[in-house]
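Visitor: Take a look at this one; I'll ask things after.
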Amino acid sequence: MRKPLVAGNWKMNKTSAQAVALAHELLPAIKNFDQVEKVVCPTFLSIPAVANVLKDSPIGVGAQDVYFEASGAHTGEVSPEMVKEFCQYVIIGHSERRARFGDTDEMVNKKVKAALAIGLTVIMCVGETLAENESGKTKEVVDRQMNEGLRGLSAEQMKNVVIAYEPVWAIGTGRAASAEGANAVIKDFIRPPMKAMFGDAVSQSVRVLYGGSVTGANASEFFAQPDIDGALVGGASLKPLDFTAIVQAASSR
Ligand code: PEP
């Protein structure tokens, strides 16, 4: 039985004061959906303040990225240990990091390993671009991202890994994938590489989220699918009513 997880990626939005206000609004709204694991991912600068609001609550805090080195001359970066001081989760390999900031599969793999080593739960993102989708390369791309991103991990470490299937063409576009289509990618292209690497039990126990224009209005369609275990939510995670509706939809899965 995979516990649904709904994570909000606040991206580069909200000052620290605004992030605190959002956390205060969300806390009473979503704290009672016990069947759902709930996470919010503010910017690095807002994490300590948001973590303070959510301490002792059932809402986890995550970072949107992490560097793979432990310390040293890496200007602008944040280490796994620094993230772990305030967070339980970290998003790694988001398509915006891959497309705009040069995160390669190899870097994703190093970040995943470093984050797991410090005790963080990793939400690793995979997904194809529109061009890759239209040229029939979805399987090839997702398979490569899965294999390279998870290379060298143990079955034991996979207990702290969550995969987010985020077709790039569906992110922030208002054009969500169909629930059946997303489920098919997860079932046919995302669980099989995990089965090949770590065995059937692991491939069936790892949670796989869908991400890409999820809203309060469409979330339940995704959660009705057998291989979709929750959502990674961008835009709608900044709207308390919408995010609450998504959490609620996950709880009645
Ligand atoms: C995301 O960036 O992870 C995402 C899913 O964004 P949106 O929900 O806005 O499409």
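The values are calculated or read from the model by the stated rules, or taken from the named source; none is laboratory data. Since we're looking at a predicted model, the values are computed, not measured. In this analysis, Cβ positions are derived from the backbone assuming ideal geometry, glycine residues included, and neighbour counts consider all displayed protein chains.
Visitor: Just to be sure before I move on: is Gly230 within 13 Å of the ligand (Cβ to nearest atom), more than 23 Å from Asn160 (Cβ to Cβ), surrounded by 18 or more Cβ atoms within 10 Å (Cβ to Cβ) and in contact (Cβ under 8 Å) with a residue 24 or more places away in the chain in the structure I sent?
Guide: No; evaluated as a whole, the condition is false for this residue.
Visitor: Looking at Ala217, is it over 20 Å from Lys11 (Cβ atoms), surrounded by fewer than 18 Cβ atoms within 10 Å (Cβ to Cβ) and touching a helix residue (DSSP H, G or I) at 6+ places or on another chain (Cβ under 9 Å)?
Guide: The answer is yes for Ala217.
Visitor: I need the full set of residues from segment 82-102 which are assigned to a helix (DSSP H, G or I) and surrounded by fewer than 15 Cβ atoms within 10 Å (Cβ to Cβ), in order please.
Guide: The answer is Ala99, Arg100.
Visitor: Within segment 203-214, is even one residue within 17 Å of Thr129 (Cα to Cα), touching a residue at least 12 places away in the same chain (Cβ under 8 Å), away from the ligand (no atom under 15 Å from the Cβ) and not charged (D, E, K, R)?
Guide: no
Visitor: Any residue in segment 172-180 that is at pLDDT 95 or above, in a loop (DSSP other than H, G, I, E, B), within 13 Å of the ligand (Cβ to nearest atom) and hydrophobic (A, V, I, L, M, F, W, C)?
Guide: Checked against the condition, which is being at pLDDT 95 or above, in a loop (DSSP other than H, G, I, E, B), within 13 Å of the ligand (Cβ to nearest atom) and hydrophobic (A, V, I, L, M, F, W, C), segment 172-180 yields at least one hit.
Visitor: Name the one entry in Val61, Val36, Val40 that is within 16 Å of the ligand (Cβ to nearest atom) and within 17 Å of Ala231 (Cα to Cα).
Guide: Val40
Visitor: Give segment 1-32 a look and list any residue that's among the β-branched types (Val, Ile, Thr), under 11 Å from Ser46 (Cβ atoms) and not in a helix (DSSP H, G or I), or say none.
Guide: Matches in segment 1-32: Thr15 only.
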